[in-house]
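For reference, the structure discussed in these notes is given below.
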Amino acid sequence: MIDDLWYKNAIVYCVSVGTYMDSNGDGIGDFEGLTRRLDYLHGLGVTTIWLMPFQPSPRRDNGYDIADYYGVDPRYGTLGDFVEFAHGCKQRGIRVIMDLVANHTSDQHPWFQQARSDPKSPYRDWYVWADKKPADADKGVVFPGVQDSTWTRDKQAKAYYFHRFYEFQPDLNTANPHVQAEILKIMGFWLQLGVCGFRMDAVPFVIAEKGANIREPAANYDMLRTFREFLQWRQGDAIILAEANIPPELSMEYFGADGDRLHMIFNFAVNQALFHALATADTSLLAEALEQTRQHPATGQWGQFLRNHDELDLGRLKPEQRQAVFAAFGPEKSMQLYDRGIRRRLAPMLQGDRRRLELATSLMLTLPGTPVFRYGDEIGMGDDLSLPERECARTTMQWSDEPMGGFTRSTEPKRPVIAEGPFGFAHVNVAQQRRDPQSLLNWTERMIRMRKEVPEIGWGEFSVLDTDVPGVLAIRYDWRNNSVLMLHNLRAEACEVRLDPEVSGSHDGLLINLLSEEHSRPEEQRRHRILLEPYGYRWFRIGGLDYLLRRDEI
Ligand code: GLC
Ligand code: CA
């Protein structure tokens, strides 16, 4: 199989068209607006845009309820506008991946309409039916508190249909070969229009056996190989980035032992442990999660993220660990969701504390894998807890302090804008941060630039070093005789980290600070004593002069 491993060191940025930039003043973001902002994204250093669902949809689940896989929601523009956008990305060397929602459709999709209205329709078997309500219909709901069943009766069909998510999202019968063929066709269509891969939604559910009274659904991993083969036969550098919140021990099933299944998987285990570490300054769980997810095939890669468009899912933590994260970042009931997570954005969770925002972002950039940013986090955007469920963290991008944050000329934006409080657009916006060299935006840009100069993170082997200092995570990467060392102090107190001579290995002992002039020179026997301020972090290249000389030779 031909692989181009560009994704191993990509900088991914997730954007939803409807909330990014409105070009025509109707109050809804669109492709033309997003295309105008490509220079902003290019300047930030983004190499890959992940587009959230933008196809025609009733949008009852942020577009994850698709009514036509082969089009663009007219509110966002036309297929023509999509192609202009794809071209604009190509010109700037930016790749595009898009959401592929293959587990379910909208109940408004013509396939479902035909399936429900005619038992003889060829589409009937594209969905999952039962004559009687299965006894376990209240089990396995994804949105507890909002959804109470996974089976709903359809009057027209005179039968129950299965829906893992909301009742307006009937599950596709993904075991049906026609459905599988259609999924490939959808991928082929968008590849042809310029995307370079897919963020595949809800993968464990896509491949799960579906039907009434299935107690322990078997996973059809082979389906993943079919998807990958198709992709790569069509376009060698196309990838699948999987949304799969799976136990670490299953990850090799998803990657495929021979690297013949998924290219990338979001690292949910590390994500939860990371927030536990940020909340408690205890790094042991994080170190453990890193160890548990160490294994991946040479062509596989983890996606590392802080927040996404969903709740921060803490479902894999033990109850007391989860409580610790709740206490720190989402103490009020209104901040929590689905009995398992926190629905806030990153900046308000960290109380807008610049030191902690830098620490968290620096961690994301230096954990083993490829970083995935959520739009707006580069300027520290907030949330609006008065909005229902996950909508609170899906407000419009804040471009300036003009009315509606510069998102739209309309006085009646159809998407929520944050106008009030410390995170309102008057205080948090791109225009202002652009002018300030010390702003979070410019800091993020500098960090992204440096991350690109440290490909060891994407390619190398990592080791978590024992520093004996509580609250400090020290990770070393080695790749092709190059080594880097990343230190993060998760505590609110300063500390001194002593590094053993082995850290500097065979090199002359100098640790080159990649973010400032403050290099670390070893004391006797190559021992380092590094002072980390509260929430401080350091990116070092090990070997200093050695390394610089080698670089010059190249
Ligand atoms: C994924 C999406 C989420 C959506 C769900 C159903 O989990 O991230 O936003 O609600 O799938 O499509
Ligand atoms: Ca518009």
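Annotations
- Filter result (over 17 Å from Ser16 (Cβ atoms) and within 16 Å of ligand 1 (Cβ to nearest atom)) within segment 69-82: Tyr69
- Of all the numbered requirements in (1) away from ligand 2 (no atom under 16 Å from the Cβ); (2) in contact with a Ser or Thr (Cβ under 9 Å, 6 or more places away or on another chain); (3) without any contact (Cβ under 8 Å) to a residue 60 or more places away in the chain, Asp436 misses one, and that requirement is (2).
- Residue in segment 224-239 that is in contact (Cβ under 8 Å) with a residue 12 or more places away in the chain and aromatic (Phe, Trp, Tyr) present: yes
- Matching entry among Ser149, Ser106, Ser121 (being within 22 Å of Arg390 (Cα to Cα) and free of Cβ contacts under 8 Å to residues at least 40 places away in the same chain): Ser149
- Those residues of segment 19-61 which are in contact with a Ser or Thr (Cβ under 7 Å, 6 or more places away or on another chain) and either basic (Lys, Arg) or within 16 Å of ligand 1 (Cβ to nearest atom) (or both), in sequence order: Thr19, Arg36, Met52, Ser57, Pro58
- Among the criteria (1) without any contact (Cβ under 8 Å) to a residue 40 or more places away in the chain; (2) closer than 30 Å to Pro144 by Cβ, the one Glu402 does not fulfil is (2).
- Residue within segment 13-23 that is away from ligand 2 (no atom under 16 Å from the Cβ) and over 23 Å from Ser410 (Cβ atoms) present: yes
- Scanning segment 297-314 for residues that are more than 25 Å from Met381 (Cβ to Cβ) and surrounded by fewer than 19 Cβ atoms within 10 Å (Cβ to Cβ) turns up Pro297, Ala298.
- Among residues of segment 401-441, those that are part of a helix (DSSP H, G or I) and either open to solvent by 30 Å² or more (accessible area, probe 1.4 Å) or among the aliphatic types (A, V, I, L, M) (or both), counted: 9
- Screening Asp68, Asp39, Asp4 for residues that are away from ligand 2 (no atom under 15 Å from the Cβ), surrounded by fewer than 18 Cβ atoms within 10 Å (Cβ to Cβ) and closer than 26 Å to Glu391 by Cβ leaves exactly one candidate, Asp68.
- Where Gln232 falls short, out of the listed (1) at pLDDT 95 or above; (2) open to solvent by less than 50 Å² (accessible area, probe 1.4 Å): (1)
- Just so you know, in segment 183-201 the residues that are surrounded by 22 or more Cβ atoms within 10 Å (Cβ to Cβ) and not β-branched (Val, Ile, Thr) include one that is farthest from Pro247 (Cα to Cα), and it is Trp190.
- Number of positions in segment 207-223 that are within 16 Å of Phe255 (Cβ to Cβ), touching a residue at least 12 places away in the same chain (Cβ under 8 Å) and not in a loop (DSSP other than H, G, I, E, B): 2
- Residues in segment 370-398 that are in contact with a Gly (Cβ under 6 Å, 6 or more places away or on another chain) and surrounded by fewer than 23 Cβ atoms within 10 Å (Cβ to Cβ): 0 in all.
- Within segment 196-253, the residues that satisfy the criterion of being within 20 Å of Thr370 (Cβ to Cβ) and of a type in the set (Gly, Ala, Ser) are Gly197, Gly236, Ala238, Ala242, Ala244, Ser251.
The values are calculated or read from the model by the stated rules, or taken from the named source; none is laboratory data. In this text the structure is predicted, and so the values were computed from the model without any measurement. For neighbour counting, all protein chains shown are included, and Cβ atoms are generated from backbone atoms with ideal geometry for every residue, glycine included. For accessibility, only protein heavy atoms count, side chains too; no ligands or nucleic acids. Shrake-Rupley method; radii C 1.70, N 1.55, O 1.52, S 1.80 Å.
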